[in-house]
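See below for the structure under consideration.
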Amino acid sequence: MSAVTLRKVFKRFGPVEVVHGIDLSINAREFVVLVGPSGCGKSTTLRMVAGLEEVSDGTIEIGGRVVNEVAPKDRDVAMVFQNYALYPHLNVAENIAFGLRLRRIKKDIITASVNDVAATLGLSELLHRRPADLSGGQRQRVAMGRAIVRQPQVFLFDEPLSNLDAKLRTQMRAEIKRLHRRLDATSIYVTHDQVEAMTLADRIVVMSDGNIEQIGTPMELFLNPINTFVAGFLGSPPMNQLEATVSYADGGPIAKVGSDIAIPLPELRQLRNAEGHPIIVGIRPEDTAVERNGAANAAGIKCDLDLVEPLGSEALVHVSVADHPVVLKTETRGAISHLSDVQEFFVQPDHIKVFDQKTGLALDHPEVA
Amino acid sequence: MGSFNLYSRGDRIFGVANAFLVTLIVISTLYPFIYIIAVSFSAGSAVTSGQVTIHPVDLTIAAYKRVLSEKLFWTSYRNTFIYTIFGTIATLLIIIPGAYALSRPQLLGRRFWNFFIAFTLWFHAGMIPFFLNMRDLGLLDSYFGIIIGFAGNAFSIIILRNFFESVPRSYEEAARMDGANDFQVLWKVYIPLSKAAIATVTLFAIVSRWNGFFWAMVLLRSEEKIPLQVYLRKTIVALVADEEFASSLLEEVYSFETVSAAIMVVSIIPVLLVYPFIQKYFNKGILLGGVKE
């Protein structure tokens, strides 16, 4: 298994630059997810690693070898495509064997490998079917089989689950994770779905507009987003962000939202002597409570109820704080009637994130401070 | 609930008019064919006197006997097969790789080359320059000249190029990742996926080769190289001046109409036999299921 390293990689299509010199090093056996909104350059980056797009500037190394000028077939990488790209004129076994046949591997070895992979993926019964006769999940498995059978150094996944329905997606997600644990191969996975990113990744790379915003483990990114973009991208529903200014009350920093709402802030070095500084207050929906529940230091924040969305075990409560929309997430414990008269919610100051309004950067992030 | 009609009055009139027009077209293409068959099996006198309309009159196979007994008929028949088979192969060898190359975005100067090909659809040098060109290349009166001289076909290239362009790029990319080179991508992925389009242009090639007349007449001198269509013309011209034929007219067994009709019928048979085999590829269903859009 090989490490993959990108050094100052640029991609330009004519005059348009879509990837602006990114640096990324992926360890051998690591599962890295590139995540970001559409058009952020994540797929282009993956395709450059695959060799399907030329690198405009910078270098890409796979296993210590610079591969900028190496053809895709000689990079020892395999890719699973979003639309599967199964050859419709070949049956499942032939689809999986295609790459091995091109490499002129002996017939009995091919047959053995194909059977092996088919057994791993639960395709043994389907080997003689054509892609047209398979369900979406089965096609997806064949596409993975085609990648696995070659035992490549690096697996590349280009939004492999986005064509499946929600239920199947959850199922295949778990299967990909199990598969990775078993094959222990370096994997780069592109998705715009933050749930896939959170659940699959050893490390997540959040991208936007052709830049890397932040790299880290899912929990690092979730707990310590470096800026408002990452904060708003990961988590479902995303972090609430309220524009405010720094002020002080009772010896501690507070955020003034609108004319009469005050939210106590954590005691950060950066918040000393910052009266009037414009900030963004970040509050995760999960960190809020509609009752004080004995948390003595939790601050009560006045709000107007907008609507309640029950999800079963949980409910999303949409409220507004000084005309800013805020979403609260709360457990229902089987009842939602008490949510219809919410006028205040509670949050621990330690759970609040503070971002600079101008730069969008987190005030207390080690990389920023 | 009252009766509910899915179609408006205008829709129904449109449907009837369509059916009428289609029937008209079918009759106008089918009738000459039926007429030629009827004539070929009729007595010469019956044809000359205009009695044959839809079925043979005074049924006879004299015309066929006369046609099939000619040595030159069999020679020209063989030649037509040679021109058709090798000509079609030559055409496919040129247009498939050509169309594939033109369909690839990475082709350098792609717009220029595409324009270059399309240009010849509307403008070409004309007959005399073409003839002189063939003469200077030493391709007059040769099998090779006929086969290679008409192998390229801009129209077929464009049809095939458009089809190749409609095949999702991810097939090419998947094959590349699997280790295929350009030629293998074309041969193992694009050609099998494009059977329908290739069948279409193959049929075009076969039919135009089989019916090829004008240039064969202009470029070929020796009798033993002429194709069926040129032989047909030769026969018609010759029959008029043929004394033996003139006397046969007195016997009213066959006329030059019935002989020409017999040649036409015999010459159509191979194309009719080939068509059903090619027709089965005329389904686009082959592309379904491989990718999900």
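The values are calculated or read from the model by the stated rules, or taken from the named source; none is laboratory data. Just so we're clear, the structure is a prediction, and the values are computed from it rather than from any experiment. For neighbour counting, all protein chains shown are included, and Cβ atoms are generated from backbone atoms with ideal geometry for every residue, glycine included.
Of the residues A:Val92, A:Val49, which single one is under 24 Å from the mean Cα position of the chain (by Cα) and either more than 14 Å from every other protein chain (Cβ to nearest Cβ) or touching a residue at least 40 places away in the same chain (Cβ under 8 Å) (or both)?
Details: A:Val92 fails: under 24 Å from the mean Cα position of the chain (by Cα).
Matching residue, one of A:Val92, A:Val49: A:Val49.
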Breaking point among (1) within 14 Å of another protein chain (Cβ to nearest Cβ); (2) assigned to a loop (DSSP other than H, G, I, E, B); (3) crowded, with 18+ Cβ neighbours inside 10 Å, for A:Cys40: (1)
Filter result (closer than 25 Å to A:Ala315 by Cα and surrounded by 24 or more Cβ atoms within 10 Å (Cβ to Cβ)) within segment A:203-229: A:Leu221, A:Pro225
Hits in segment A:4-21 - residues which are surrounded by fewer than 21 Cβ atoms within 10 Å (Cβ to Cβ) and out of contact with any Ser or Thr (no Cβ under 7 Å at 6 or more places or on another chain): A:Lys8, A:Phe13, A:Gly14, A:Pro15, A:Val16, A:Glu17, A:His20, A:Gly21
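With the structure loaded, tell me whether A:Val9 is under 28 Å from A:Val230 (Cβ atoms), under 20 Å from the mean Cα position of the chain (by Cα), away from chain B (no Cβ under 14 Å) and among the aliphatic types (A, V, I, L, M) or whether it fails that test.
Values: under 28 Å from A:Val230 (Cβ atoms): yes; under 20 Å from the mean Cα position of the chain (by Cα): no; away from chain B (no Cβ under 14 Å): yes; among the aliphatic types (A, V, I, L, M): yes.
Criteria not met by A:Val9.
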Residue within segment B:156-169 that is within 14 Å of chain A (Cβ to nearest Cβ), in contact with a Lys or Arg (Cβ under 8 Å, 6 or more places away or on another chain) and either free of Cβ contacts under 8 Å to residues at least 24 places away in the same chain or buried (at least 19 other Cβ atoms within 10 Å of the Cβ) (or both) present: no
Complete set of residues in segment A:95-116 that are in contact with a Lys or Arg (Cβ under 8 Å, 6 or more places away or on another chain) and more than 7 Å from every other protein chain (Cβ to nearest Cβ): A:Asn95, A:Ile96, A:Leu100, A:Ile110
Options B:Ile61, B:Ile85; residue that is β-branched (Val, Ile, Thr) and at pLDDT 90 or above: B:Ile85
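Of all residues in segment A:316-363, which are hydrophobic (A, V, I, L, M, F, W, C) and either touching a helix residue (DSSP H, G or I) at 6+ places or on another chain (Cβ under 6 Å) or in a loop (DSSP other than H, G, I, E, B) (or both)? Reasoning before the result, please.
Let us first name the residues in segment A:316-363 that are hydrophobic (A, V, I, L, M, F, W, C), namely A:316-317, A:319, A:321-322, A:326-328, A:335-336, A:339, A:342, A:345-347, A:352, A:354-355, A:361-363.
Passing the criteria: A:Val317, A:Ala322, A:Val327, A:Leu328, A:Ala335, A:Ile336, A:Val342, A:Val347, A:Ile352, A:Phe355, A:Leu363.
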Verdict on B:Thr29 being among the β-branched types (Val, Ile, Thr) and modelled with pLDDT of 85 or more: yes
Selected residue (criterion: nearest to B:Ala238 (Cα to Cα)) from residues of segment B:34-82 that are free of Cβ contacts under 8 Å to residues at least 12 places away in the same chain and part of a helix (DSSP H, G or I): B:Lys71
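Residue check: is A:Ala85 surrounded by 18 or more Cβ atoms within 10 Å (Cβ to Cβ), in a loop (DSSP other than H, G, I, E, B) and within 10 Å of chain B (Cβ to nearest Cβ)?
On the way: surrounded by 18 or more Cβ atoms within 10 Å (Cβ to Cβ): yes; in a loop (DSSP other than H, G, I, E, B): yes; within 10 Å of chain B (Cβ to nearest Cβ): yes.
Yes; evaluated as a whole, the condition is true for this residue.
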Residue list for segment A:161-174, filter: in contact (Cβ under 8 Å) with a residue 40 or more places away in the chain and surrounded by fewer than 17 Cβ atoms within 10 Å (Cβ to Cβ): A:Ser162
Looking only at segment A:253-290, and only at residues there that are part of a loop (DSSP other than H, G, I, E, B) and touching a Phe, Trp or Tyr at 6+ places or on another chain (Cβ under 7 Å), the one that is surrounded by the most Cβ atoms within 10 Å (Cβ to Cβ): A:Val290
Residues of segment A:272-294 that turn out to be touching a Leu at 6+ places or on another chain (Cβ under 6 Å) and of a type outside the set (Val, Ile, Thr), as a count: 1
